[in-house]
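The values are calculated or read from the model by the stated rules, or taken from the named source; none is laboratory data. Model, not experiment: these values are computed from the prediction. Neighbour counts are summed over all protein chains in view; Cβ atoms, including those assigned to glycine, are modelled from backbone coordinates with ideal geometry.
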Amino acid sequence: MTSLPPPSVLFSLLFAAVLLANVATKLWLAGRQLRAVRSHRDRVPEAFAATIPLKGHQRGADYTAAKLRFGFFELLLGAVVLLAWTLLGGLNALNQALLHWLGPRPLLQPLALLVAFALISSLIDVPGSLYRTFVLEERFGFNRMTPALWLADLAKGSVLGAVIGIPLAAAVLWLMQVTGPAWWFWAWLAWAAFSLLMLLVYPTLIAPLFNKFEPLQDEALRQRVTALMTRCGFAAKGLFVMDGSRRSGHANAYFTGFGHAKRVVFFDTLLQRLTPDEVEAVLAHELGHFKRKHVLKRIAALFAVGLAGLALLGWLAAQTWFYTGLGVTPNLLADAGVGVPNHALALLLFLMVVPVFAFFISPLTSGLSRKHEFEADAFAAEHARAGDLGHALIKLHKDNASTLTPDPLYVRFYYSHPTASQRIAQLQAAAGS
C-alpha cells in the first residue's frame with residue numbers, strides 16, 4: 001500500500017498549485033480586460049457619446065491598456081520573487097545568515113529578520129515605482145512628481161516606517177514570546193489599538209509630512225459644504241484643500257480621521273475641474289459612506305478578519321510542515337535552551353502566502369464594496385442633485401482616463417466601484433424619479 005507523502009511535501013505541492021492557479025487566473029482576467037478595452041477603443045459607448053469625445057475615450061483605453069501590460073510584468077515578477085523567498089530558500093538563507101551574524105538572541109534576531117525582509121522587498125519595488133511614475137504616468141500627462149520630490153517621499157516614508165514599524169514589530173514579537181499559546185489574541189489587541197490610534201493621528205501628524213493642507217478659502221463653497229453637512233447631521237473638524245497637483249493630475253475628495261478628528265479633504269485638482277454643484281454632490285457621496293455606516297462596518301470586518309487570521313497563524317506557527325513546506329528550516333525552540341523562536345518566520349510566511357489563497361474570494365469583497373458605493377450614490381441623490389453627481393463622475397472618468405468599457409468578469413474580481421455606466425444609469429433613474 002502506497003503511503004502519502006509527508007505533510008510538508010503536500011503543503012509545498014498545494015502552495016505551488018494555488019500560486020500557479022492564482023497567476024494563471026490573473027493573467028486570464030487581465031487578457032480579457034485588455035481585449036475588451038481594445039475592441040471598444042474606436043467607439044464611445046452610446047450613454048457617453050454626448051459628453052466624452054472619441055479622443056478622450058481613446059486616451060482612457062490606451063492608459064488602461066498600458067497599465068495592464070505593465071501589470072503582466074509585475075505579476076510575473078511578483079510570482080518569481082515569492083517563489084524565491086519561499087520554495088527556493090531565500091527567506092531561509094536570510095534567516096540563517098542573521099542567525100550566524102547576530103547569534104541566537106530571542107528578540108533582536110527576529111526583529112532584524114523583519115527589518116531586513118522589509119528593506120529588501122522595498123528595494124525590489126523601487127524600479128517598478130520609478131517606471132510607473134516617470135514613464136507610464138508621465139506618458140499620459142498625470143505625473144507632476146520631480147525626481148527630487150520622489151526621493152524625498154521615499155526617504156520620509158522609509159524613516160516614518162522605521163520609526164513606527166520597528167517599535168510595533170518589536171512589541172508584537174515580545175507579545176508572541178511572553179504571552180504563551182494565546183499570543184495571537186494579545187497581538188490582535190495591540191494591532192487593533194494601533195490601527196485606531198493611527199486613524200486619530202494620521203490626519204494631523206502624518207499626512208502633513210507629505211502634502212500641504214490649507215483651509216478651504218472659497219467662502220461660498222465653504223458655506224455650501226457646511227450646510228450640506230448640517231443637513232446630513234455630520235460634523236468635521238475642518239475643510240481642507242490638499243496640494244495633490246504636486247504629485248499627480250488625478251483628482252479626488254475624501255474624509256480622513258475618526259470620531260472628532262474627522263476632516264474633509266479636497267484635492268486642489270478636484271476643485272479646479274468641478275463646479276460647486278458637482279463638488280457638493282461628490283461630498284454628499286462621501287457623506288453617504290459615513291451615514292450608511294460603511295466605514296464602521298469595514299473597520300469591524302477588518303478587525304474580525306485580523307482576529308481570525310492571527311488565530312490561524314497561532315496554529316500554523318506550531319506546525320513544522322508550515323515552515324518546511326515553504327522552504328524554511330524552523331529555528332530550534334527557545335524553551336529548549338537553544339536557538340530563537342520562529343515568530344518572525346511565521347509572520348513573514350503567513351503574510352506572503354495568505355494573499356495567494358485569498359485572491360479567490362476577491363469577488364465577494366469587491367462586490368460588497370460596489371454595493372456600498374451604490375448606497376452612497378443613492379444617499380447623494382437624496383441630499384444633492386443626482387444629475388450633478390453624474391456630471392462629476394463623467395468629468396472624473398474623462399480626466400482620470402478611466403476606461404468606459406471594462407470586461408464584466410474583470411470588474412467582479414477587481415473593481416471596488418461600480419462601472420461608470422452602472423453608476424450613471426442608477427443616478428439617471430434617481431433623477432427621473
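Among (1) touching a Gly at 6+ places or on another chain (Cβ under 8 Å); (2) under 26 Å from ARG231 (Cα atoms), where does PHE374 come up short? For PHE374, the exception is condition (1). When LEU351 is tested against (1) over 30 Å from HIS397 (Cα atoms); (2) crowded, with 17+ Cβ neighbours inside 10 Å; (3) within 27 Å of the chain's Cα centre (by Cα), just one condition goes unmet, and that condition is (2). Residues in the range 59-109 that are in a helix (DSSP H, G or I), in contact (Cβ under 8 Å) with a residue 60 or more places away in the chain and farther than 30 Å from ALA17 by Cβ: ARG59, GLY60, ALA61, ASP62, TYR63, THR64, ALA66, LEU99, GLN109. Could you tell me whether LEU393 is under 30 Å from PHE290 (Cβ atoms), crowded, with 21+ Cβ neighbours inside 10 Å and not hydroxyl-bearing (Ser, Thr, Tyr)? So LEU393 fits the description; yes. Within the range 137-162, the residues that satisfy the criterion of being assigned to a helix (DSSP H, G or I), charged (D, E, K, R) and touching a residue at least 24 places away in the same chain (Cβ under 8 Å) are GLU137, ARG139, ASP153, LYS156.
Scanning the range 1-24 for residues that are of a type outside the set (Val, Ile, Thr) and loosely packed, with under 11 Cβ neighbours inside 10 Å yields MET1, SER3, LEU4, ALA17, ALA24. I'm checking my understanding of the structure. Among residues of the range 140-160 that are under 14 Å from SER122 (Cα atoms) and of a type in the set (D, E, K, R), which one is surrounded by the most Cβ atoms within 10 Å (Cβ to Cβ)? Filtering first and then ranking leaves ASP153. For the range 100-114, give me each residue that is surrounded by fewer than 18 Cβ atoms within 10 Å (Cβ to Cβ) and of a type in the set (A, V, I, L, M, F, W, C). The answer is TRP101, LEU102, LEU107, LEU108. Under 21 Å from ARG298 (Cβ atoms) and either polar (S, T, N, Q) or in contact with a His (Cβ under 8 Å, 6 or more places away or on another chain) (or both) - does that describe any residue in the range 394-413? Scanning the range 394-413 turns up no residue that is under 21 Å from ARG298 (Cβ atoms) and either polar (S, T, N, Q) or in contact with a His (Cβ under 8 Å, 6 or more places away or on another chain) (or both). If you check ALA190, ALA253 for being farther than 30 Å from PRO167 by Cβ and of a type in the set (Gly, Ala, Ser), only one passes: ALA253. Residue count for the range 170-193 under the criterion of being of a type in the set (Val, Ile, Thr) and within 27 Å of the chain's Cα centre (by Cα): the result is 1.
Return yes or no: is ALA155 small (Gly, Ala, Ser) and either modelled with pLDDT of 90 or more or touching a Gly at 6+ places or on another chain (Cβ under 9 Å) (or both)? The answer is yes for ALA155. Scanning the range 274-285 for residues that are more than 12 Å from HIS372 (Cβ to Cβ) and either among the polar types (S, T, N, Q) or surrounded by 17 or more Cβ atoms within 10 Å (Cβ to Cβ) (or both) gives LEU274, THR275, GLU278, VAL279, GLU280, ALA281, VAL282, LEU283, ALA284. Taken together, THR365, THR320, THR403 contain a single residue that is under 20 Å from ARG292 (Cα atoms) and among the β-branched types (Val, Ile, Thr), which is THR365. In the range 192-247, the residue that is surrounded by the most Cβ atoms within 10 Å (Cβ to Cβ) out of those that are touching a residue at least 60 places away in the same chain (Cβ under 8 Å) and within 30 Å of ALA384 (Cα to Cα) is PRO203. Restricting the search to the range 171-191, which residues are touching a helix residue (DSSP H, G or I) at 6+ places or on another chain (Cβ under 8 Å) and surrounded by fewer than 16 Cβ atoms within 10 Å (Cβ to Cβ)? Result: ALA171, THR179, PRO181, ALA182, PHE185, ALA190.
Against the criterion of being out of contact with any Leu (no Cβ under 8 Å at 6 or more places or on another chain) and farther than 26 Å from ARG263 by Cβ, LEU196 does not qualify.
Okay, residues lined up against (1) part of a helix (DSSP H, G or I); (2) within 15 Å of LEU404 (Cβ to Cβ); (3) of a type outside the set (Gly, Ala, Ser):
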residue	(1), (2), (3)
LEU10	yes, no, yes
ALA16	yes, no, no
THR25	yes, no, yes
TRP28	yes, no, yes
VAL44	no, yes, yes
THR51	no, yes, yes
